[in-house]
Amino acid sequence: MRIIAGQYRGRKLASVGKGDAAAHLRPTTDRVREALFNMLNGGRFGDPFTDATVLDLFAGTGALGLEALSRGASHVTFVDDGRVAQRLLRENITLLDARSETKVISRSALKLPPADKACDLVFLDPPYGKDLGAKALSAAASAGWLAPDCLVVWEENAAQTPPTGFTLLETRAYGDTVVTLLRA
């Protein structure tokens, strides 16, 4: 895995190795990440990265949030409760020397603490087929993590129905990965 574009372009991220099957650690491939970020950067969604405050739920390796940081986001908060994911995430933050622009919350995305600041962009990549995405969005909204009109990028194995309070913008399939874009 590597960073696709921006200030960290080409920088390699920590190897997942055997990953953590029990925690459903399944990093977004470089190909899907590149297609996703090209779509987001295509103008239809404005500039979702420059100076954005980002929330990366079920962060795993942190590749999505770190890509946003590389493209101009000002801060990323990563949330994951998996031990392997936390180790990889911290390693990737160190590799990019991005400690001052990031925060790691080591807990379930369903039990978020109150937000320091509402986020403009949210990455949501729950374990596929576990019905956790809408619950995590609800937890984020309740804890003040979602700015008005924030953009939500939801990665699953099927298109997702927007929960109450969200508008569907677009759905795109990339092999067995389906990205659903929502606006709060």
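None of the figures in this text is laboratory data; all of them are computed from the coordinates on show. What you see is a predicted model; the values in this text were computed from it and never measured. Neighbour counts run over all protein chains shown; Cβ positions are idealised from the backbone, glycine included.
Note on 94, 180: ascending count of other Cβ atoms within 10 Å places them as 94, 180, the fewest first. Both numbers refer to the Cα atoms of segment 81-139; Rg and Dmax are 12.7, 34 Å. Summary of the geometry: segment 33-96 and segment 149-184, compared by the centres of their Cα atoms, lie 16 Å apart. Derived from the Cα gyration tensor, the three semi-axes of the equivalent ellipsoid of segment 45-99 are 20, 12, 7 Å, largest first. May I ask you to list the residues of segment 149-176 whose amide nitrogen lies under 20 Å from a point 7 Å from Cα along the Cα→beta-carbon direction of residue 135? Those under the cut-off are 153-166.
Using the Cβ-Cβ distance between residue 38 and residue 100 with R0 set to 25 Å, the FRET efficiency works out to roughly 0.35.
Among DSSP beta bridges lying fully in the chain, give the percent that are antiparallel, nearest 5. Kindly include the intermediate steps, with their values, before the conclusion.
Details: 15 of 33 bridges.
Taking every DSSP beta bridge within the chain, about 45 percent pair in antiparallel fashion.
Extension gain for residue 128-residue 107 works out to 5.7 nm (0.36 nm per residue, less the C-alpha to C-alpha distance).
Plainly put, the chain has a radius of gyration that is 0.91 times its Kirkwood radius, both from alpha-carbon atoms, as the Rg/Rh ratio.
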